[in-house]
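**Q** Got a structure here, written out as structure tokens. Questions coming.
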Amino acid sequence: MVTFTLKRIASGIVLLVAISLLTYTLLYFSGTNIARNILGDMATEDQVALKQQELGLDQPLFARFLDWAGGVLSGDLGRSWFNAETVGQSLMNRLPITLTLVVVAILLTAILATVLGMTAAVKRGWVDRVVQIGAVIGDAIPGFVLAIIFVTIFAIQLGLFPAISTIAPGAGPDAWLISLTLPAIAMTVTAVTSGAQQVRSAVIAQLEKDYVRTLRSRGVSEREILFKHVLRSAAPAGLTVLSLQFIGMLGGVVIIEQIFALPGMGALAVSATSLGDIPIVMGVVLYTVIIVIIVNLLVDLANGWLNPKVRVS
Amino acid sequence: MKLAPLARVAAVTAATALIFTGCAAGSPSGSEGASSGGGTLNIGAVLDIASWDPSQAHVGHALQPYQAPYDTLILREPDGTLSPMLATEWAYDEDQTALTVDLRDDVTFSDGEVFDAEAVKTNLDTFKAANGRQAAQLTAVDSVDVVDEDTVQINLSAPDPSFTYYLSQAAGLMGSPASLGTDEIAAEPVGTGPYVMDPAGSVVGSQYTFTPREDYWNHDLQKFDKIVFKVLTDPTARLNAIVSKQVDVTLLEARQTEQADAAGLELLESQVDWTGLLLFDRDGELNPALADVTVRQAINHALDRETMLEQIQLGYGTVTNQVFGPESGAYVDELDETYPYDPEKAKDLLAEAGYADGFDLVIPSFVGLESISAAITQQLGDVGIRVQTETVPVANIVSDFAAGKYPVGYFFLFQGEPWVAINQLISTEALYNPFDSTSPELQELIDAVHFGGDEAGELAKDVNRYVTENAWFAPLYRLDQIVYVNPATITAEPQIQQAVPSIYNFAPAE
């Protein structure tokens, strides 16, 4: 188990370095004249050249990357080119919002998908059909469309929630709760429907296995079979889907954050990318890759704990 | 000068905003004797503030927030008149290269430092040296001399007809000399202005809260008990915020007007930007056809401006043939009749120029420009000009124009003061003149404006005639600024040549 974990961490680090270098190279060759974008169209060539020097943009690619990487190793992610903040501050201000949103959405997804998927698998019949149809509809409606519908109905017409986030400095849990409810539900709906499908098929597959028949013939109660044996065997499939959904949500949150004006990391990523604010983009990439690696590691560990076969292979 | 591309970048990108639910302010702040009607002014800002250091200040949307903590030397009235603020009087010498500025002697900075001639010198020197986002405004400044405690003389290397205007903009913002250039002032402004930042109510990238400064020298400018800037870069978030009354004023898009009107909000009418084609390659370096003025005129005749305005901008704008705005002083009414929509005439002109079979033309496009690009491709295609659209990342478009990569460009540009526009679009120094197009005749007209002092606007009309008749551009229309306010809470007056009103133009509703 320890070797397994260490191997996973090592490959994570390799991935991190590779993605950083790749992103940096892509940004380097994007051809954006950042100094010009900062100074505007009335600045003289000399002023632009000076700004370029100031930002180190006159250096070759590898020197710039090493400079950046050296900073990262000493814990310094640099400073935004368009903003007064350091990259570290910027991310620390925004990460809690994005993570809270994604974690809440994924927990809701996990619970609801399991309940719906298992109910459909065990009861079959009309319940199953409703879940199946719901899955198709849910898959067909993108989260951001739901988000816009929610804002229109629940925020603007009914006034039950704020249309844009009210998470102000020092805001209490109530502000977080009312600000994150609509976005979290919007993100959950589509994830739940496809999650429930996965859980349903995994549970049905297990229910048809011989060991379930054996357990039944021994008189073990249905409830015990379902929760102690079937769920445990079906869990790895569900967990893997969940981890993929988590990563998908980190991407999807970008649009959701825009609609609800949530000052999260996705919003930051988009604005920094279009401005060419390389320090911020690199910071976002670094944090996102680290989060993805950690989530994958946790899922692998959970799968290993649930199913010893995984550990051996 | 123009903020348009950045604003548009922001418009198509992220949204970052926090809202401090509008509590209708408690006790009327420390502004004793103020003409304060009280209340909170919640502004839905399009852009985040890059830094509160005045040397990093910007224009248009991005100038407005600086007006809370900082005063400018000169105040620009809503109609563009320059009035005293920190400067009481100013006058040029005969050569228009030395500007003597008299200053108020009763002003302090919010950190207790005294505002005097020395402080002005430090500010202007710092602004120039910092090479910030509007460093271009002080390009002409050679040196600043302290004449006496409340007088400075600003020496210019050459006359700059826009210089006093710049002193009402970023270059005129005065920060405390004790803090200039430090990290502290980047995070928290220290000025002489009507309001001071409340750090407890502010988070970088999402909202900035200001409260009135107690010992401010002009209480007439402190009309609110609180001003909150909420950064809402996404247009949908801005619409939702103002419709649900979480902000009192914000900038929307033409397609959102119906919803805003239905919510009882009020449109503040003004025009700031023009949009259209810039026919860069007037010497035919990349595309020989464009060297012929009749070809450039044919392009102008081929465009159905009315229809494009109606379909793309839902009519929120005014078609035009010139790049100078009506308020610039260089605008010539009849020039707008130079190029009526006439595809037959366009074909005739092309044939006359030897392009009866048309020619190929590359035009760069970027995200958000799809429908305009399609319309232009169609209309130029109708007269035989075969357009190939090349998509360029938004962040690269200005530098690609500057580098002379394209013979023609479509863009949104600020319609400012004549001298600003000339240096942006027409002089050989101008970024949007990448091939340095000029002629002795034009240079003479430009020089006349340069040394024309108060006559600059009138003289710039000749420059305008020249570039319009020579079809340097193919402007489509001036865009209405879709600024909406909530009339139940505030009143506002548009600010000439500025994307959003100055903060002085807002007042609590009666």
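The values are calculated or read from the model by the stated rules, or taken from the named source; none is laboratory data. Worth saying up front: this structure is predicted, and the values here are computed from it rather than measured. Reconstructed Cβ throughout: ideal geometry from the backbone, glycine too, with neighbour counts over all protein chains shown. Heavy atoms of the whole protein, side chains included, go into the accessibility calculation; ligands, DNA and RNA do not. Shrake-Rupley method; radii C 1.70, N 1.55, O 1.52, S 1.80 Å.
**Q** Being open to solvent by less than 50 Å² (accessible area, probe 1.4 Å), in a helix (DSSP H, G or I) and in contact with a helix residue (DSSP H, G or I) (Cβ under 7 Å, 6 or more places away or on another chain) is the filter here; which residues of the stretch A:16-45 pass it?
**A** A:Leu16, A:Ser20, A:Thr23, A:Tyr24, A:Thr25, A:Leu27, A:Ala35, A:Arg36, A:Asn37, A:Ile38, A:Leu39
**Q** Can I ask one more? Step by step: first the residues of the stretch B:374-428, then only those that are of a type in the set (A, V, I, L, M, F, W, C), touching a Pro at 6+ places or on another chain (Cβ under 8 Å) and part of a strand (DSSP E or B), then the one that is farthest from A:Thr32 (Cα to Cα). Which residue is that?
**A** The extreme case among them is B:Phe412.
**Q** Out of the stretch B:385-410, which residues are of a type in the set (A, V, I, L, M), modelled with pLDDT of 95 or more and open to solvent by 20 Å² or more (accessible area, probe 1.4 Å)?
**A** So the first thing to find is which residues in the stretch B:385-410 are of a type in the set (A, V, I, L, M), and the list is B:385, B:387, B:392, B:394-395, B:397-398, B:402-403, B:408.
If we keep only those that are modelled with pLDDT of 95 or more too, we end up with B:385, B:387, B:408.
Hit for the stretch B:385-410 is B:Val387, nothing else.
**Q** What number of residues within the stretch A:46-86 are of a type in the set (Phe, Trp, Tyr), part of a helix (DSSP H, G or I) and under 25 Å from B:Asp400 (Cα atoms)?
**A** 2
**Q** Limited to the stretch A:146-185, what total is found for residues that are in contact (Cβ under 8 Å) with a residue 24 or more places away in the chain, within 12 Å of another protein chain (Cβ to nearest Cβ) and in a helix (DSSP H, G or I)?
**A** 10
**Q** Something else about it: When you scan the stretch A:203-227, how many residues do you find that are without any contact (Cβ under 8 Å) to a residue 60 or more places away in the chain and within 30 Å of A:Gly248 (Cα to Cα)?
**A** 3
**Q** Another one. Which of the following residues is farther than 23 Å from A:Ile38 by Cα, part of a helix (DSSP H, G or I), at the interface with chain B (Cβ under 8 Å from one of its Cβ atoms) and open to solvent by 10 Å² or more (accessible area, probe 1.4 Å): A:Val254, A:Val289? Reasoning before the result, please.
**A** Values: A:Val289 fails: at the interface with chain B (Cβ under 8 Å from one of its Cβ atoms).
When all the criteria are applied, what remains is A:Val254.
**Q** Hey, another quick one. Could you tell me which numbered condition A:Phe227 fails, if it satisfies all but one of (1) more than 14 Å from chain B (Cβ to nearest Cβ); (2) among the aromatic types (Phe, Trp, Tyr); (3) within 19 Å of the chain's Cα centre (by Cα)?
**A** (3)
**Q** Additional query: Would it be correct to say that B:Asp220 is charged (D, E, K, R), surrounded by fewer than 21 Cβ atoms within 10 Å (Cβ to Cβ) and without any contact (Cβ under 8 Å) to a residue 12 or more places away in the chain?
**A** Judged against the criteria, B:Asp220 is not a match.
**Q** Hey, another quick one. Does A:Gly125 satisfy the condition of being closer than 29 Å to A:Ala269 by Cβ and either modelled with pLDDT of 90 or more or more than 14 Å from chain B (Cβ to nearest Cβ) (or both)?
**A** Judged against the criteria, A:Gly125 is not a match.
**Q** Among B:Phe224, B:Phe210, which is the only one that is under 30 Å from A:Ser274 (Cα atoms), in the same structural domain as B:Leu124 (by TED's automatic domain parsing) and aromatic (Phe, Trp, Tyr)?
**A** Only one candidate passes the filter, namely B:Phe210.
**Q** Residue check: is B:Asp447 crowded, with 19+ Cβ neighbours inside 10 Å, of a type in the set (Asp, Glu) and either in the same structural domain as B:Gly325 (by TED's automatic domain parsing) or within 30 Å of B:Leu167 (Cβ to Cβ) (or both)?
**A** The answer is no for B:Asp447.
**Q** Follow-up question, since we're still on this one. Determine whether A:Arg232 is charged (D, E, K, R), at pLDDT 85 or above and either on the phi > 0 side of the Ramachandran plot or over 16 Å from the mean Cα position of the chain (by Cα) (or both).
**A** On the way: charged (D, E, K, R): yes; at pLDDT 85 or above: no; either on the phi > 0 side of the Ramachandran plot or over 16 Å from the mean Cα position of the chain (by Cα) (or both): yes.
Judged against the criteria, A:Arg232 is not a match.
**Q** Please give the number of the condition A:Met118 fails out of (1) under 20 Å from the mean Cα position of the chain (by Cα); (2) open to solvent by less than 40 Å² (accessible area, probe 1.4 Å).
**A** All conditions pass for A:Met118, except number (1).
**Q** Consider A:Val87 carefully, then state whether it is buried (at least 21 other Cβ atoms within 10 Å of the Cβ) and in contact with a strand residue (DSSP E or B) (Cβ under 7 Å, 6 or more places away or on another chain).
**A** Judged against the criteria, A:Val87 is a match.
**Q** Checking B:Ser244 against (1) over 23 Å from B:Ala62 (Cα atoms); (2) within 10 Å of chain A (Cβ to nearest Cβ); (3) in contact (Cβ under 8 Å) with a residue 12 or more places away in the chain, which test does it fail?
**A** With respect to (1) over 23 Å from B:Ala62 (Cα atoms); (2) within 10 Å of chain A (Cβ to nearest Cβ); (3) in contact (Cβ under 8 Å) with a residue 12 or more places away in the chain, B:Ser244 is out only on (3).
**Q** In addition: I'd like to know if the stretch B:302-325 contains one or more residues that are open to solvent by 20 Å² or more (accessible area, probe 1.4 Å), of a type in the set (A, V, I, L, M) and under 30 Å from B:Ala403 (Cα atoms). Write out each step before concluding.
**A** Initial filter on the stretch B:302-325 (open to solvent by 20 Å² or more (accessible area, probe 1.4 Å)): B:304, B:306-307, B:310-316, B:318-319.
The next check asks that each one be of a type in the set (A, V, I, L, M); those that pass are B:312, B:314, B:319.
Those left that are additionally under 30 Å from B:Ala403 (Cα atoms): B:312, B:319.
The answer is yes, given that some residue of the stretch B:302-325 is open to solvent by 20 Å² or more (accessible area, probe 1.4 Å), of a type in the set (A, V, I, L, M) and under 30 Å from B:Ala403 (Cα atoms).
**Q** Identify all residues within the stretch B:354-384 that are within 17 Å of B:Gly276 (Cβ to Cβ), of a type outside the set (A, V, I, L, M, F, W, C) and open to solvent by 40 Å² or more (accessible area, probe 1.4 Å); write none if there are none.
**A** If the condition is that a residue be within 17 Å of B:Gly276 (Cβ to Cβ), of a type outside the set (A, V, I, L, M, F, W, C) and open to solvent by 40 Å² or more (accessible area, probe 1.4 Å), then B:Gly368, B:Glu370, B:Ser371, B:Thr377, B:Gln378 are the ones that fit.
**Q** Check whether at least one residue in the stretch B:361-377 is touching a His at 6+ places or on another chain (Cβ under 8 Å), at negative phi, in the same structural domain as B:Phe473 (by TED's automatic domain parsing) and at pLDDT 95 or above, and report yes or no.
**A** Within the stretch B:361-377, not a single residue is touching a His at 6+ places or on another chain (Cβ under 8 Å), at negative phi, in the same structural domain as B:Phe473 (by TED's automatic domain parsing) and at pLDDT 95 or above.
**Q** Would you confirm whether or not the stretch A:133-145 contains a residue that is in contact with a Lys or Arg (Cβ under 6 Å, 6 or more places away or on another chain) and in a helix (DSSP H, G or I)? Show your work before the answer.
**A** In the first step, residues of the stretch A:133-145 are kept if they are in contact with a Lys or Arg (Cβ under 6 Å, 6 or more places away or on another chain); the result is none.
Within the stretch A:133-145 (the criterion being in contact with a Lys or Arg (Cβ under 6 Å, 6 or more places away or on another chain) and in a helix (DSSP H, G or I)), the answer is no, since none of the residues qualifies.
**Q** Looking at (1) closer than 25 Å to B:Val392 by Cβ; (2) without any contact (Cβ under 8 Å) to a residue 60 or more places away in the chain, which is the one condition that is false for A:Leu21?
**A** Exception for A:Leu21: condition (1).
**Q** Taking A:Pro263 as the residue in question, decide whether it is outside any helix (DSSP H, G or I) and either in contact with a helix residue (DSSP H, G or I) (Cβ under 9 Å, 6 or more places away or on another chain) or not basic (Lys, Arg) (or both).
**A** Yes: the conditions hold for A:Pro263.
**Q** Can you name the residue in the stretch A:46-64 that is of a type in the set (S, T, N, Q) and open to solvent by 60 Å² or more (accessible area, probe 1.4 Å) and, of all such residues, is nearest to the other protein chains (Cβ to nearest Cβ)?
**A** A:Gln53
**Q** Looking at the stretch B:72-110, which of its residues are exposed (fewer than 15 other Cβ atoms within 10 Å of the Cβ) and over 21 Å from B:Val59 (Cβ atoms)?
**A** Scanning the stretch B:72-110 gives B:Pro84, B:Thr88, B:Glu89, B:Ala91, B:Asp93, B:Glu94, B:Asp95, B:Asp105, B:Asp106.
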